[in-house]
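Report on one structure; see the data block that follows.
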Amino acid sequence: MSSDLVSSDTPGIDPAIAMIEFSSIAVGITAGDAMIKASPLGSIYAGTVHPGKYLVLVSGDTASVDEALGVGLASGGSAVLDSVFLPDIHPAVTGAIASADEAAWIDGDALGIVETEHIATVIQAADAGVKAAFVEVSAVRMADGLGGKGYVLFSGEVAEVEAAVEAAEQWSAESGYVLQAKVIAQLHAEMAFNLNSDLRFRSRLSLRPLERDS
């Protein structure tokens, strides 16, 4: 089984992914097991996230991922909080998801922020936004340290960021889990400095308490 989330058997073709977010750890583990048994997937990633939820993310060819998603949803039942199926996920999104970097990479004057109640929705929002406009996916953050919420940051030129945020909102509207969507047309250099340094408040303070980094 491949451990590479962004791999694809066909050059130039992005993999399909599906994610299910469960309110129950026990149900999530059971559903993940059923999913991998039901379909020849390329990879599966599963584990706990705050606050006491369980995530299962699978990737592979479209038909296999779609089948596994159906099995997972049926097995999860009422413990399913949110889910997403993306048959051609953009590589910028998979890269942001897999990144261990706790800082954002802001490229351009404008910043777009889409904040979601659940994690699967933020992946859908990120994919919709980057496909709709010429923007960078500066960061995708999910659950841990966020009370279970997620958010995606887009950066680039003002018009492009506005288009990305609008597309993210539209594609995620059906879930009802978008909490806030904002565009900052001219991001101040001090805010860009903070975002590019570390997205976590405690980490920013620990670098040099109450004093700007030199």
Legend entry - Condition met for ALA79 (more than 30 Å from ALA189 (Cα to Cα) and modelled with pLDDT of 95 or more): yes
Inset, instruction - Any chance you could count how many residues in the range 33-66 are charged (D, E, K, R) and either surrounded by fewer than 18 Cβ atoms within 10 Å (Cβ to Cβ) or outside the structural domain of GLU21 (by TED's automatic domain parsing) (or both)? - result: 3
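Looking at the range 47-61, can you tell me whether even one residue there is within 20 Å of the chain's Cα centre (by Cα) and without any contact (Cβ under 8 Å) to a residue 24 or more places away in the chain? If you could, list the steps in order and put the result at the bottom.
Within the range 47-61, the subset within 20 Å of the chain's Cα centre (by Cα) is 47-61.
Now narrow it down to the ones that are without any contact (Cβ under 8 Å) to a residue 24 or more places away in the chain: 47-48.
So far as the range 47-61 goes, yes, one or more of its residues are within 20 Å of the chain's Cα centre (by Cα) and without any contact (Cβ under 8 Å) to a residue 24 or more places away in the chain.
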Inset, instruction - Return the total of residues in the range 157-175 being surrounded by fewer than 20 Cβ atoms within 10 Å (Cβ to Cβ) and closer than 24 Å to GLU102 by Cα. - result: 1
Inset, instruction - Residue by residue through the range 70-94, note down the ones that are over 14 Å from VAL56 (Cβ atoms), β-branched (Val, Ile, Thr) and in a helix (DSSP H, G or I). - result: VAL93, THR94
Inset, instruction - Search the range 104-156 for residues being touching a helix residue (DSSP H, G or I) at 6+ places or on another chain (Cβ under 6 Å) and assigned to a loop (DSSP other than H, G, I, E, B), and hand back the single one that is surrounded by the most Cβ atoms within 10 Å (Cβ to Cβ). - result: VAL135
Legend entry - Of the criteria (1) at pLDDT below 95; (2) surrounded by fewer than 17 Cβ atoms within 10 Å (Cβ to Cβ); (3) touching a strand residue (DSSP E or B) at 6+ places or on another chain (Cβ under 6 Å), which one ILE25 fails: (1)
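The values are calculated or read from the model by the stated rules, or taken from the named source; none is laboratory data. Just so it is clear, the model here is predicted, and its values are computed rather than measured. Note that we place each Cβ from the backbone using ideal geometry, even for glycine, and neighbour counts take in every protein chain shown.
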